[in-house]
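Asker: Before I ask anything, let me first share the structure, which is written out below as structure tokens.
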Amino acid sequence: MEEKREPVKVLIVEDEPRLRSLLAGKITRLAPGCEVVALAANGQEGLEKVKECRPQIVFTDIKMPVMDGLELARRIKEEYASIYVVILSGYSDFSFAQQAIQYGVFNYLLKPLENEKLVETVEEIRKKLEESAHLV
């Protein structure tokens, strides 16, 4: 008998309201095993939502007011090493990607976000979450 899997909790941090809700809808539609548990408009708000909701995946824009996505990624990795951070960016600037790697970001996806890339990323993270659950 197959055990029922808990949904993977997702937080979306994006300063543009339209993009934030589009991404939430896309994740809900394309990754049925995921549940969007919170939305945030900037990195500072995102960090508060991380403390509140304890998501397993954080999708964050890179350029935002108050605290950008790179700083958010750095802070999450410092305090919550098991959370997977995925950067979403309209910038293919190598220095951003390089910094994201230094901060332990799981993936760096370019906007507009391709459905296949989103699904691949979520599935890779789900596999890693399942592997780490079996190691316990």
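Asker: Hey, could you get me the Stokes-Einstein D for the range 1-98, Kirkwood radius over alpha-carbon pairs, 4 °C and 1.567 mPa s, rounded to whole µm² s⁻¹? Walk me through the numbers on the way to the answer.
Answerer: Values: Rh = 13.7 Å.
Diffusion coefficient, whole number: 95 µm²/s.
Asker: Using the Karplus curve 6.51 cos²θ - 1.76 cosθ + 1.60 with θ = phi - 60°, what ³J(HN,Hα) values do you get for each residue of the range 102-109, in whole Hz, with x for Gly and Pro?
Answerer: The phi angles translate into 4, 8, x, 5, 6, 8, 10, 10 Hz.
Asker: What size of dipole, in debye to the nearest 20, comes out for the chain about its Cα centre when the only charges are +1 on Lys and Arg C-beta atoms and -1 on Asp and Glu C-beta atoms? Walk me through the numbers on the way to the answer.
Answerer: Details: 19 positive and 23 negative charges, 25 e Å.
With Lys and Arg at +1 and Asp and Glu at -1, about 120 debye.
Asker: Divide by every residue of the chain the summed helix terms, -39500 (n - 2.57) for each DSSP H run of at least 4, and state the resulting mean residue ellipticity at 222 nm, rounded to the nearest 500 deg cm²/dmol.
Answerer: Counting only the DSSP helices, I get -15500 deg cm²/dmol.
Asker: Mind listing the phi-derived Karplus ³J(HN,Hα) values for the range 49-60, rounded to whole Hz, using 6.51, -1.76 and 1.60 with θ = phi - 60°, and x for any glycine or proline?
Answerer: Result, ordered by residue: 5, 4, 5, 6, 9, 6, x, 9, 10, 10, 9, 9 Hz.
Asker: Based on the Kirkwood radius over alpha-carbon pairs, what is the Stokes-Einstein translational diffusion coefficient of the range 1-58 at 25 °C with 0.890 mPa s viscosity, in µm²/s?
Answerer: Values: Rh = 11.8 Å.
Value of D from the Cα-based Kirkwood radius: 208 µm²/s.
Asker: Please list, short to long, the whole-number percent of alpha-carbon pairs of the range 53-116 in consecutive 10 angstrom bins beginning at zero.
Answerer: 23, 57, 20, 0
Asker: Next up: Quick one: pull the percent of accessible area on the chain belonging to carbon and sulfur, 1.4 Å probe, ligands and nucleic acids left out.
Answerer: 51 percent
Asker: For the range 37-118, run through the GluC sites (Glu not before Pro) and keep only the ones in DSSP coil with at most 16 other Cβ atoms within 10 Å of their Cβ.
Answerer: In loop regions of the range 37-118 (DSSP not H, G, I, E or B), the sparsely surrounded GluC sites (Glu not before Pro) are 114.
The values are calculated or read from the model by the stated rules, or taken from the named source; none is laboratory data. Since the structure is predicted, the reported quantities are computational estimates derived from the model, not experimental observations. With ideal geometry, Cβ positions are generated from the backbone for all residues, glycine too; neighbour counts draw on all protein chains shown. Side chains are part of the model used for accessible areas, which takes the heavy atoms of the whole protein and leaves out ligands, DNA and RNA. Shrake-Rupley method; radii C 1.70, N 1.55, O 1.52, S 1.80 Å.
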